Amino acid sequence: MNFLVNYFSGLGKSTLNRVNGVGAASIMLYGALFAFPQWKNIRLTISQIYIVGVQSLLIVMVSGLFIGMVMALQGYTILVNYGAEGSLGPMVALSILRELGPVVTALLFAGRAGSALTAEIGLMKATEQLSSLEMMAIDPLRRVVSPRFWAGIISLPMLTLIFSAIGILGGHLVGVDWLGVDAGSYWSIMQATVEWEKDVVNGIIKSAVFALVIVWIALYKGYSCIPTSEGISQATTQTVVYSSLAILGLDFILTALMFGI
Amino acid sequence: MSENIVSITDMQFYRGEREIYKDISLSVERGKITAIMGPSGIGKTTLLKLIGGQLTPNRGSVIFQGDDVHKVSRNRLYEMRRKMSMLFQSGALFTNMSVFDNVAYPLREHTKLDESIIETLVKLKLEAVGLRGAAQLLPNELSGGMARRAALARAIALDPELIMYDEPFAGQDPISMGVLVKLIKALNKALDLTSIVVTHDVKEVLGIADYAYIMANKTIIGAGTPEQIKNSDSPLVQQFLRGDADGPVPFHFPANPVEADLLGDSA
């Protein structure tokens, strides 16, 4: 009997905690989104773009290159059986622009920038820097959270475009330069097949949605973490796990909406 | 006559399920140094966060300059916070900026002063705490005592009316402790401040305080001028002043009798 009561009260408590968490995260999202239009914040946002965006360039570019190369290699071995290796260009371009670009960049971004954001905010909380901002009558949402938020949303779509461009070049490197696919057909069939709105813009929309989810999770996890070393490490792990799952889940939904029947 | 800058009445506070304060009433007189002493772990820092409006009590009120901290609008609370300032135990300096930028930060945020005026002000504040020479250092290059003094310079940057010190002496060597004691006293007088010092370093703080409260067992167990406190006949107060291990404030955290715990039901 007692066991049952404990079970249900525990269930209720954890549900309430979850709902509480979602509420707190939504309030934070609201605060961060609408704290933007201030000159000082724009300057802070630009310096954050450097940290989350520019400093993620290397990993994104290298990954893009290898993904493009692998795609071309795999694609070629299959297409050549049907004598269709001329279609290698659109195959590489479409799979990268529609799926691999947004998803892989977002996963990399979650691991590289999301975890860093959580750890940074968590440590600021643990060392009472957030508290001391509040006591100085400065809203940490405005000065700390909001610039990082917007920096993420601005950076990720750009990183995604760079990833896709380099991926297509990597495909060219393997497909054309190494395996001998005709360069003219690589580019011209790609140009004829890839549509601006359907493929490129949809990829950008995907990555913007992923960016929102990643920075939201990362900043909320940091902001609400238990301010101890275990708490911060747990929050950082959760950021990477939750955002990765969210990216993959959302990708399916977005793909269904964009390309589904 | 002097007025109270902060008055707390019948405050009760729970953290989760745990009761931190049963019933606290105290007042802080303008222009004075008020010490709040008590064993560690009884939520002295929590008290300062309640005064600053970062936490909300379950019952009772905190009045700062005539307004209830927990009933005013958020904007008004932020206005009130500009008049109060808090020195955190860790210093809470922003680790990505130099000492100079740390002290300049509240000025840059809250005033439209020219950068040259800010520079002068910051230098003056740093001079007051003896760190003008360390302006360009980063917080991780400072010793613990210096970090606390730098944080103090930042705390007085906006010329607050009330400054709250959270364990200013904890973990300090005798020299920096002496420096901090002198600074708190001198700043209070020179800047016409009101100070609340939360600490368990009885000797140091009783030397400079005008009035003192002793907290234990979720409430206030003694209050008075340092003389009155020293001569108090309350066994609780005397235990705290002498530092006895056991007494009205028990050495043991509440638990079952040790026999029952160790020997199981057979005892």
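Out of B:K44, B:K32, B:K49, one residue alone is of a type in the set (K, R), within 16 Å of the chain's Cα centre (by Cα) and within 14 Å of chain A (Cβ to nearest Cβ). It is B:K49.
Inspect all residues belonging to the range B:155-172 and state whether any of them is surrounded by 19 or more Cβ atoms within 10 Å (Cβ to Cβ), assigned to a helix (DSSP H, G or I), touching a helix residue (DSSP H, G or I) at 6+ places or on another chain (Cβ under 7 Å) and at pLDDT 90 or above. No, the range B:155-172 contains no residue that is surrounded by 19 or more Cβ atoms within 10 Å (Cβ to Cβ), assigned to a helix (DSSP H, G or I), touching a helix residue (DSSP H, G or I) at 6+ places or on another chain (Cβ under 7 Å) and at pLDDT 90 or above. B:L152: within 14 Å of chain A (Cβ to nearest Cβ), assigned to a helix (DSSP H, G or I), hydrophobic (A, V, I, L, M, F, W, C) and touching a Phe, Trp or Tyr at 6+ places or on another chain (Cβ under 9 Å), yes or no? It is true that B:L152 is within 14 Å of chain A (Cβ to nearest Cβ), assigned to a helix (DSSP H, G or I), hydrophobic (A, V, I, L, M, F, W, C) and touching a Phe, Trp or Tyr at 6+ places or on another chain (Cβ under 9 Å). Of the residues A:V201, A:V241, A:V174, A:V209, which is assigned to a helix (DSSP H, G or I), out of contact with any strand residue (DSSP E or B) (no Cβ under 8 Å at 6 or more places or on another chain) and closer than 19 Å to A:L65 by Cβ? None of the other options fit; the residue is A:V174.
Scanning the range B:58-79 for residues that are more than 8 Å from chain A (Cβ to nearest Cβ) and surrounded by 14 or more Cβ atoms within 10 Å (Cβ to Cβ) gives B:G60, B:S61, B:V62, B:I63, B:F64, B:Q65, B:D67, B:V69, B:H70, B:V72, B:L77.
This table checks each residue for (1) closer than 26 Å to A:I153 by Cβ; (2) assigned to a helix (DSSP H, G or I); (3) under 21 Å from the mean Cα position of the chain (by Cα).
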| site | (1), (2), (3) |
| --- | --- |
| A:L4 | no, yes, no |
| A:S9 | no, yes, no |
| A:G12 | no, yes, no |
| A:G23 | yes, yes, no |
| A:A32 | yes, yes, yes |
| A:N41 | yes, yes, no |
| A:T45 | yes, yes, yes |
| A:Q48 | yes, yes, yes |
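If I filter the range A:122-138 for residues that are away from chain B (no Cβ under 12 Å), out of contact with any Cys (no Cβ under 6 Å at 6 or more places or on another chain) and in a helix (DSSP H, G or I), do I get at least one hit? No: zero hits. The set of residues from the range B:83-102 being buried (at least 23 other Cβ atoms within 10 Å of the Cβ) and either more than 17 Å from B:L137 (Cβ to Cβ) or within 9 Å of chain A (Cβ to nearest Cβ) (or both) comprises B:M84, B:S85, B:M86, B:L87, B:F88, B:G91, B:A92, B:L93. Restricting to the range B:5-18, and then to whatever is farther than 13 Å from B:K49 by Cα and modelled with pLDDT under 85, can you tell me which residue is farthest from the chain's Cα centre (by Cα)? Among those residues, the one meeting the criterion is B:E17.
Selection of the range B:180-238 for residues being over 11 Å from B:K32 (Cα atoms) and in a strand (DSSP E or B) yields B:V198, B:T199, B:Y213, B:I214, B:M215, B:A216, B:T219, B:I220, B:I221, B:G222, B:A223, B:G224. If you go through the range A:101-121 and keep only what is within 14 Å of chain B (Cβ to nearest Cβ) and not hydrophobic (A, V, I, L, M, F, W, C), you end up with just A:E120.
Only residues that are away from every other protein chain (no Cβ under 14 Å) and surrounded by 15 or more Cβ atoms within 10 Å (Cβ to Cβ) were counted across the range B:103-122, and they come to 4. The condition (being touching a Ser or Thr at 6+ places or on another chain (Cβ under 6 Å) and not acidic (D, E)) is satisfied by just one residue among A:T127, A:T77: A:T127. Limited to the range A:232-246, what total is found for residues that are touching a helix residue (DSSP H, G or I) at 6+ places or on another chain (Cβ under 7 Å) and surrounded by fewer than 24 Cβ atoms within 10 Å (Cβ to Cβ)? Result for the range A:232-246: 7.
Filtered by the rule that a residue be surrounded by 17 or more Cβ atoms within 10 Å (Cβ to Cβ) and of a type outside the set (F, W, Y), the range B:221-246 gives B:I221, B:G222, B:A223, B:P226, B:I229, B:S232, B:V237, B:Q238, B:Q239, B:L241. Residues in the range B:155-212 that are at positive phi, free of Cβ contacts under 8 Å to residues at least 40 places away in the same chain and away from chain A (no Cβ under 14 Å): B:G171 only. Every condition in (1) without any contact (Cβ under 8 Å) to a residue 40 or more places away in the chain; (2) more than 9 Å from every other protein chain (Cβ to nearest Cβ); (3) polar (S, T, N, Q) is met by B:Q54 except one, and the failing one is (2). Here the range B:1-27 is the region considered, the condition is being outside any loop (DSSP other than H, G, I, E, B) and small (G, A, S), and the residue that is surrounded by the fewest Cβ atoms within 10 Å (Cβ to Cβ) is B:S25.
The values are calculated or read from the model by the stated rules, or taken from the named source; none is laboratory data. On a predicted model such as this, the values are computed, not experimentally measured, just so you know. Virtual Cβ from ideal backbone geometry, glycine too; neighbours counted across all protein chains shown.
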